[in-house]
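Participant: So that we are looking at the same thing, I have put the structure below in structure tokens.
The values are calculated or read from the model by the stated rules, or taken from the named source; none is laboratory data. Just so you know, these numbers come straight off a predicted model, no measurement behind them. Here Cβ is always computed from backbone atoms with ideal geometry, including for glycine, and neighbour counts include all displayed protein chains. Surface areas here come from the heavy atoms of the whole protein model, side chains and all, with no ligands, DNA or RNA. Shrake-Rupley method; radii C 1.70, N 1.55, O 1.52, S 1.80 Å.
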Amino acid sequence: MGERVLVNGARLLDNLSAMSTFGINPHGGIDRAFAQESDRQVRAWILEMWARMGLETGTDAIANLWGKKHGSENLAPIVFGSHHDAVPDGGKYDGAMGVIIATEIMQTILERQIPTRHPLAVVSFTAEEPNAFNLSTLGSKVLCGRLAKEDLLSKTDRSGKVRLEDAVKELGGNLHHLDEARLHSGDIAAFLEAHNELGRQLEIRDLSVGAAASITGIYREKITVTGESNHAGTTMMQDRKDAFLSLSEIAAALERGALQRNSPEVTATMGYVNLHPNEANIIPGSAEGIIDIRTSNDEDLQFVLGFVEEAAEKARSRRGVQVLRECLLDQKAQPLDPFVREAILHGMAAEGEPEVTLTSMAGHDAANMQRIAPSGMIFVRSVGGYGHCRREYCRPEDIVKAANAMLFAVLELDQSMDAAKPQPAETAAAVNWEAAS
Ligand code: GLV
Ligand code: MN
Ligand code: MN
């Protein structure tokens, strides 16, 4: 491949700092959830940056952002990127770092005028994180056909007041044209994503970077408990139907179930709760919670769910409440592509790093992309193992290492991939491309 090409580390880090000004709160966390004003603003910033680089920019029907350059051969594109939304009070790295690393790789290839056989595209996905619509990895799920247009058209947010259709429209998408955003096997030659690890696996082994071998399964369920609101002082303790206490017992059972598996690859959390009426002098009449269980193994999942059902049953019989359980997500573990992983490992080796692979306990768009294209991920060490909180941090030298390793992988794949021919026009993704000015 001749002389080794490296990214501009200083520019990469500057762009990452610039991106973290969008949605920054007074505590230094990032508030940039899907469809918030900060989401709108960062989208405009990303598209403008890509247009300035000379890319053709576009927004597809689910409002994913794209920036594309041509290749010398008639091949499907190699795509790389991540997402720009964030969890509430989140970190500066989750998603953003992957978008900026992808941008830097593209910019390096453009300014060094490195010819590529494949077209290349950068992508920033819509709504990767959970949000008011209870939909995560929304953009990549639509691309790979996991969500039906009719279901999305009837979706509203948790308040019931905002329609998903309107939220997507404001961001430049159009749910009515969703079928056009759909990609099929062969439309993309390969997908690569860089991400902070969000856990401690790399730090424990004192490693800067690692490649993902697979992505954990994620199961989410909404639990709605209906009891009876009543006076906190005048209602005797034995006369209550406390929805919150019932939900708490389910949360505690969830923890007991996961702990009994005694594995770093089985976790269970109730991270979202909502009480009604939620006032100090009223017994909670209803309580809603969302549970999140992660494992690659169905037996573990069923084991933990057994604890949930047992606690729900106890609440029904002992507290006289109703408990409704509704599955929101049942995503199985997803192995990533070995060929793309090899290219990433070669890139890591070129950086002098050991060729280490991990199972990701965080969910990622790459798990969806793997359904339609060979996909791979490179992780950057998370200092202290923090993720989904404002304490997320990655060392600059680790970030630059990952970018260089991924650039190496992109160029290797461009040479080595026997990519499928592009699909006929009617199945190709429709993006409203705007020629760069
Ligand atoms: C995605 O960020 C997840 O792991 O929840
Ligand atoms: Mn995340
Ligand atoms: Mn992420």
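Participant: Inside segment 21-139, counting only strands (runs of 3 or more DSSP E) that do not spill past its ends, which hold 3 or more residues that are within 16 Å of ligand 1 (Cβ to nearest atom) and touching a strand residue (DSSP E or B) at 6+ places or on another chain (Cβ under 9 Å)? If you could, list the steps in order and put the result at the bottom.
Facilitator: Details: elements: 56-60, 65-69, 78-83, 120-125.
The strands (runs of 3 or more DSSP E) meeting that bar are 78-83.
Participant: Looking at segment 111-155, which of the residues that are hydroxyl-bearing (Ser, Thr, Tyr) and farther than 19 Å from residue 362 by Cβ is most open to solvent (accessible area, probe 1.4 Å)?
Facilitator: Applying the first criterion (hydroxyl-bearing (Ser, Thr, Tyr)) to segment 111-155 yields 116, 124, 126, 136-137, 140, 154.
Filter once more, keeping what is farther than 19 Å from residue 362 by Cβ: 116, 154.
Working: 116: 6, 154: 88 Å².
The qualifying residue most open to solvent (accessible area, probe 1.4 Å) is 154.
Participant: Quick check on this structure: which one of 180, 203, 193, 221 is away from ligand 3 (no atom under 16 Å from the Cβ), open to solvent by less than 10 Å² (accessible area, probe 1.4 Å) and among the acidic types (Asp, Glu)?
Facilitator: Values: 180 fails: open to solvent by less than 10 Å² (accessible area, probe 1.4 Å); 203 fails: open to solvent by less than 10 Å² (accessible area, probe 1.4 Å); 193 fails: away from ligand 3 (no atom under 16 Å from the Cβ).
Exactly one of 180, 203, 193, 221 is away from ligand 3 (no atom under 16 Å from the Cβ), open to solvent by less than 10 Å² (accessible area, probe 1.4 Å) and among the acidic types (Asp, Glu), namely 221.
Participant: Looking at 59, 108 in this structure, which one is among the β-branched types (Val, Ile, Thr), open to solvent by 10 Å² or more (accessible area, probe 1.4 Å), more than 16 Å from ligand 3 (Cβ to nearest atom) and modelled with pLDDT of 95 or more?
Facilitator: Details: 108 fails: open to solvent by 10 Å² or more (accessible area, probe 1.4 Å).
Only one candidate passes the filter, namely 59.
Participant: Wholly within segment 148-232, which helices (runs of 4 or more DSSP H) include no fewer than the required count, namely at least 1 residues that are within 17 Å of residue 377 (Cβ to Cβ)? Please lay out each step first, then the result.
Facilitator: Values: elements: 149-153, 164-170, 178-181, 201-204.
Hits in segment 148-232: 201-204.
Participant: For the condition under 30 Å from residue 338 (Cα atoms) and charged (D, E, K, R), what is the one hit in 299, 249, 288, 309? Give the derivation first.
Facilitator: Details: 249 fails: under 30 Å from residue 338 (Cα atoms); 288 fails: under 30 Å from residue 338 (Cα atoms); 309 fails: under 30 Å from residue 338 (Cα atoms).
It is 299.
Participant: May I pose another question? Restricted to segment 30-56, and to residues that are of a type in the set (Gly, Ala, Ser) and over 30 Å from residue 337 (Cα atoms), which residue is surrounded by the fewest Cβ atoms within 10 Å (Cβ to Cβ)?
Facilitator: Let us first name the residues in segment 30-56 that are of a type in the set (Gly, Ala, Ser), namely 33, 35, 38, 44, 51, 54.
With over 30 Å from residue 337 (Cα atoms) added as a condition, the list becomes 35, 38, 44, 51, 54.
Values: 35: 22, 38: 20, 44: 12, 51: 16, 54: 15.
Checking each candidate, the answer is 44.
Participant: Considering only segment 357-380, how many residues are open to solvent by less than 10 Å² (accessible area, probe 1.4 Å), assigned to a loop (DSSP other than H, G, I, E, B) and within 13 Å of ligand 2 (Cβ to nearest atom)? Working first, answer last.
Facilitator: Residues of segment 357-380 open to solvent by less than 10 Å² (accessible area, probe 1.4 Å): 358, 360, 364-369, 373, 375-380.
Subsequent filtering for residues that are assigned to a loop (DSSP other than H, G, I, E, B) retains 364, 373.
Adding the requirement that they be within 13 Å of ligand 2 (Cβ to nearest atom) leaves 364.
Residues meeting the conditions: 1.
Participant: Here is a list: 263, 286. Which entry is open to solvent by 40 Å² or more (accessible area, probe 1.4 Å) and either under 15 Å from residue 222 (Cβ atoms) or out of contact with any Cys (no Cβ under 9 Å at 6 or more places or on another chain) (or both)? Break it down into steps so the answer makes sense when it comes.
Facilitator: On the way: 286 fails: open to solvent by 40 Å² or more (accessible area, probe 1.4 Å).
Of the residues listed, the single one that is open to solvent by 40 Å² or more (accessible area, probe 1.4 Å) and either under 15 Å from residue 222 (Cβ atoms) or out of contact with any Cys (no Cβ under 9 Å at 6 or more places or on another chain) (or both) is 263.
Participant: Among residues belonging to segment 263-290 that are among the aliphatic types (A, V, I, L, M) and farther than 15 Å from residue 253 by Cα, point out the one that is nearest to the chain's Cα centre (by Cα). Steps first, answer last, please.
Facilitator: Pass one, segment 263-290, residues among the aliphatic types (A, V, I, L, M): 266, 268, 270, 273, 275, 280, 282-283, 287, 290.
From what's left, farther than 15 Å from residue 253 by Cα: 273, 275, 280, 282-283, 287.
Values: 273: 21, 275: 27, 280: 36, 282: 38, 283: 37, 287: 27 Å.
Among residues in segment 263-290 that are among the aliphatic types (A, V, I, L, M) and farther than 15 Å from residue 253 by Cα, the one nearest to the chain's Cα centre (by Cα) is 273.
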